[in-house]
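Enquirer: Here it is, the structure, as structure tokens.
Every read-out reported here was derived from the displayed coordinates using simple, explicitly stated rules and does not represent laboratory data. All of these numbers come straight from a predicted model, not from anything done at the bench. For neighbour counting, all protein chains shown are included, and Cβ atoms are generated from backbone atoms with ideal geometry for every residue, glycine included.
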Amino acid sequence: MPKYVVAFTKLGSDNVRQLVEALADATTPGRLKLHDAFVANVAAVPLDTAQRFVIRRVTGSATGTSLTPRPVDPADRAALFDAEHLITADHSSFNTTPTEVMRRPVNGRASLRWTAAPGCEIVTPATASEGLSLGLSDQSTSLFEGELVIEE
Amino acid sequence: MRRAEGHYHIVDPDLPRGGLEIDTIQCTHCGGHFAMTPRVDPTCAHGYCGRCHHFICQRCADRMDRTGRCQPWEREMAARESRDRLRRAVEEWG
């Protein structure tokens, strides 16, 4: 199964929790497997405070900018799933009664990478507009960048 | 502890060796990952399902205490996908 890199950015002008999301396509949904997630605060002077990164299951799209997942192998087909970053408004499923699949607090100056062992990826069902979102447990106006590696 | 099913790699200039690696275990009931201390006594871990014989996260352990139900994530996904296929078929055929 092909793997895709979803490189994302969050701007300081947006006061949101979600940093990036990947959702199964509404018409041809497929299972998504999250292999690898990397995120770092890229503000000029990151605050020396705790930031809690979370990965939650989402059932709808946030308000943001679509991005095109890049195949790890250029010979692979284009991704069917939808990805968004530069999010300006969170989706309600991320904020209210979320299903959290990962939570890691780290210092604001630290970068966080999570990798799954083979066969232990975080998987989403092949149902329309269901997927995963990486974000923060609290709203933030800081700048973040990172990338996800997702198999479809 | 069984073998790690994932790893956190934290790069932090304030930590003694500039970083930290933490193993994670996957919860079979929700598919999520949680950090776990190596060689911890399973009874001190978040939870353990005696039916599917795997560690589970605290939230799933609490739910299992209430309901006594073992629902592996793979089975839950299959059920959701089946419902979604039916819904889309109904929408397609009006």
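Enquirer: Taking H placed 1.01 Å from N in the peptide plane, check which residues at least 5 places from B:G19 or on another chain put their amide H under 5 Å from its amide H.
Expert: Long-range HN contacts for B:G19: B:D12.
Enquirer: Using only Cα atoms, locate the centre of region A:5-26 and the centre of region B:54-94, then give the distance between them in Å, rounded to an integer.
Expert: The distance from the Cα centre of region A:5-26 to that of region B:54-94 comes to 26 Å.
Enquirer: How would you classify chain B from its alpha-carbon gyration tensor, with a ≥ b ≥ c the square roots of the eigenvalues: rounded for a/c under 1.5, else prolate if a/b is greater than b/c, otherwise oblate?
Expert: Oblate is the answer for chain B, as a/c is 1.5 or above yet b/c matches or exceeds a/b.
Enquirer: While we're looking at this one, here's another question. According to the square roots a ≥ b ≥ c of the eigenvalues of the Cα gyration tensor, what is the shape class of the protein assembly as shown, taking rounded for a/c under 1.5, prolate for a/b larger than b/c otherwise, and oblate for the remainder?
Expert: The shape class here is oblate.
Enquirer: Where does helix B:73-93 land angle-wise versus the long Cα axis of chain B, in degrees 0 to 90, nearest 10?
Expert: So the helix axis and the longest Cα principal axis differ by about 30 degrees.
Enquirer: Also: Highest mean first, what order results for A:81-93, A:41-53, A:15-27 on Cβ atoms within 10 Å?
Expert: Packing proxy ranking, top to bottom: A:15-27, A:81-93, A:41-53.
Enquirer: How shielded is B:27-33 by partner chains, expressed as the average number of their Cβ atoms within 10 Å of its Cβ atoms?
Expert: 5
Enquirer: Amide H to amide H, which residues 5 or more places from A:T99 or on other chains are under 5 Å from it, using H placed in the peptide plane?
Expert: Amide H neighbours of A:T99, under 5 Å, 5+ apart: A:R57.
Enquirer: Can you run phi through the Karplus equation (6.51, -1.76, 1.60; θ = phi - 60°) for region A:138-152 and list ³J(HN,Hα) in whole Hz, with x for Gly and Pro?
Expert: Computed from phi, the couplings for region A:138-152 are 10, 4, 9, 10, 7, 9, 9, 9, x, 8, 10, 10, 10, 9, 10 Hz.
Enquirer: Related question: Under a GNM of chain B (C-alpha, springs under 10 Å), which listed residue has the highest mean-square fluctuation: B:M64, B:M36, B:M77?
Expert: B:M77
Enquirer: In degrees from 0 to 90, rounded to the nearest 10, what is the angle of the helix B:58-67 Cα long axis to the longest principal axis of chain B?
Expert: For B:58-67 against chain B, the angle is about 50 degrees.
Enquirer: Towards the positive end of the charge dipole of the protein assembly as shown, with charges on Cβ (+1 Lys, Arg; -1 Asp, Glu), say which of A:A126, A:L32, B:Q71 has the farthest Cα.
Expert: The listed residue farthest towards the positive side: B:Q71.
Enquirer: Hey, what do the phi angles of region A:81-94 turn into as Karplus ³J(HN,Hα) couplings, whole Hz, using 6.51/-1.76/1.60 and θ = phi - 60°, x for Gly and Pro?
Expert: The phi angles translate into 6, 9, 10, 9, 9, 6, 6, 10, 8, 5, 7, 4, 5, 7 Hz.
Enquirer: Return the calculated 222 nm mean residue ellipticity for the protein assembly as shown, to the nearest 500 deg cm²/dmol, obtained by summing -39500 (n - 2.57) across DSSP H runs with n ≥ 4 and dividing by the residue count.
Expert: Calculated from helices alone, the mean residue ellipticity at 222 nm is -4500 deg cm²/dmol.
Enquirer: Quick one: Karplus J couplings for region A:55-60, per residue in order, coefficients 6.51, -1.76, 1.60, θ = phi - 60°, nearest Hz, x for Gly and Pro?
Expert: Each residue of region A:55-60 in turn: 10, 10, 7, 10, 10, x Hz.
Enquirer: Something else about it: Residue by residue through B:75-83, how many Cβ atoms from other chains fall within 10 Å of the Cβ on average?
Expert: So the per-residue partner count for this stretch is 3.
Enquirer: Still on this structure, I have one more. Amide H neighbours of A:V42 under 5 Å, counting only residues 5+ apart in sequence or on other chains, H built in-plane at 1.01 Å?
Expert: A:L143, A:F144, A:E145
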